[in-house]
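Scroll down for the structure; my scribbles are underneath it.
Each value in this text was obtained by applying a stated rule to the coordinates, not by laboratory testing. Predicted model, so just to flag it, every value in this text is computed and none were measured. Counting neighbours? That spans all protein chains shown, and the Cβs are built from the backbone with ideal geometry, glycine included.
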Ligand code: SF4
């Protein structure tokens, strides 16, 4: 089983916190769609006969494409790869692009899952983040989409400056009122060179506060657990049968093909990443070249990635898998390194599977790095 991700590198405006790759100039949108289709065809032998289980249009803002462009991209995958009978086909969409007409068009296409970039149901948060939509549009888009799609996810951001615990709880309760099966939620992080980083540096706004974010995370995970959602990865919560197949493919080290500027790929041994520039990407593809850099992962790299992603998920890190795939030395190492975190109630063993506790989840990236192996193989 494998996954295909298609990166649409355009956005209407730049959100203040965002460091994804996108351009706000739409001049080359048509040429880009053609180049994406060309790359899909160019790489058709890379999945080595694996069937495609999920197709994901992410970005950027894929909902800036018109329905014809979206269909062309998905159809090109179908024409060049083996796709399973009922694949998950997701479109990331922003609320301001989800008019009723647009939703009806999408419902008639092969898209069967919408991931809506809500981020907050409060105008003050949306303004602070420079989102292109308002709170009313966020609510309307979910209501309308729910009439045509069963499989809907929304994104919410916590730890936003000035957001109290009470307001965060209201945001979650508003999300729950729509009865959607999946929620992705992330802490606001300050990425270098973003407008947010610049404002903080100049003292225009306060820095984000880790303790606030941690409190918000616990409110989120407790409230969603009570409402029947499983936190299957620290930022992803789903009802049974609605865990994202696309995201799960990454966390379970399945093969995936990343199409488009800045998109990443993985074939089990090598990780590749496409150039993060629209003009350079377009020029390379026009010449029939792949603008991609590739790194062969060592055994240690693969162990470290497995530990990092495994600890973030409900599937945890299996000692048997570590011994089988990487050797006893790695098994002994992780058992030993995990001890102090078990003692501090941040990790625990469930049989031979190492998992993060409720308290450990929010801190899991730091804990995982302590279990990383260095300088072997
Ligand atoms: S819409 Fe999404 S990708 Fe575009 S700037 Fe905002 S957060 Fe980034």
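Points worth noting:
- More than 41 Å apart - percent of Cα-Cα pairs taken over the chain: 12
- Stretchable slack from residue 318 to residue 253, in nm (0.36 nm times residue separation minus alpha-carbon distance): 22.0 nm
- Candidates 134, 71, 86, ranked by Gaussian network fluctuation over the chain, Cα under 10 Å, top entry: 86
- Summarising the strand pairing of the chain, around 40 percent of its internal DSSP beta bridges are antiparallel.
- Efficiency of FRET between residue 110 and residue 139 - r from beta-carbon atoms, R0 22 angstrom, step 0.05: 0.25
- Selected from 213, 197, 175 as most flexible by GNM, with the chain as the system and alpha-carbon contacts under 10 Å: 197
- Gaussian network model of the chain, springs between alpha carbon atoms under 10 Å - residue of 325, 343, 198 with greatest fluctuation: 343
- For residue 296 and residue 170, a Förster radius of 45 Å and the Cβ-Cβ distance give a FRET efficiency of 0.40, rounded to the nearest 0.05.
- Among 205, 74, sorting on how many other beta-carbon atoms sit within 10 Å of each Cβ, with the fewest leading, yields 205, 74.
- Cβ crowding within 10 Å, taken as a proxy for footprinting-reagent exposure, orders 172, 67, 160 from fewest neighbours to most as 67, 172, 160.
- Residues 126, 355, 36, 136, arranged from fewest to most other Cβ atoms within 10 angstrom of their Cβ, appear as 136, 355, 126, 36.
- Per-residue ellipticity at 222 nm, computed for the chain from helices alone with -39500 (n - 2.57) per DSSP H run of at least four residues, works out to -12500 deg cm²/dmol.
- With a simple spin-label model that places each label point 7 Å from the Cα along the Cα-to-Cβ direction, the separation between residue 280 and residue 210 comes to 3.3 nm.
- Gyration tensor analysis over the Cα atoms of region 268-326 returns equivalent ellipsoid semi-axes of 34, 13, 7 Å (largest first, whole Å).
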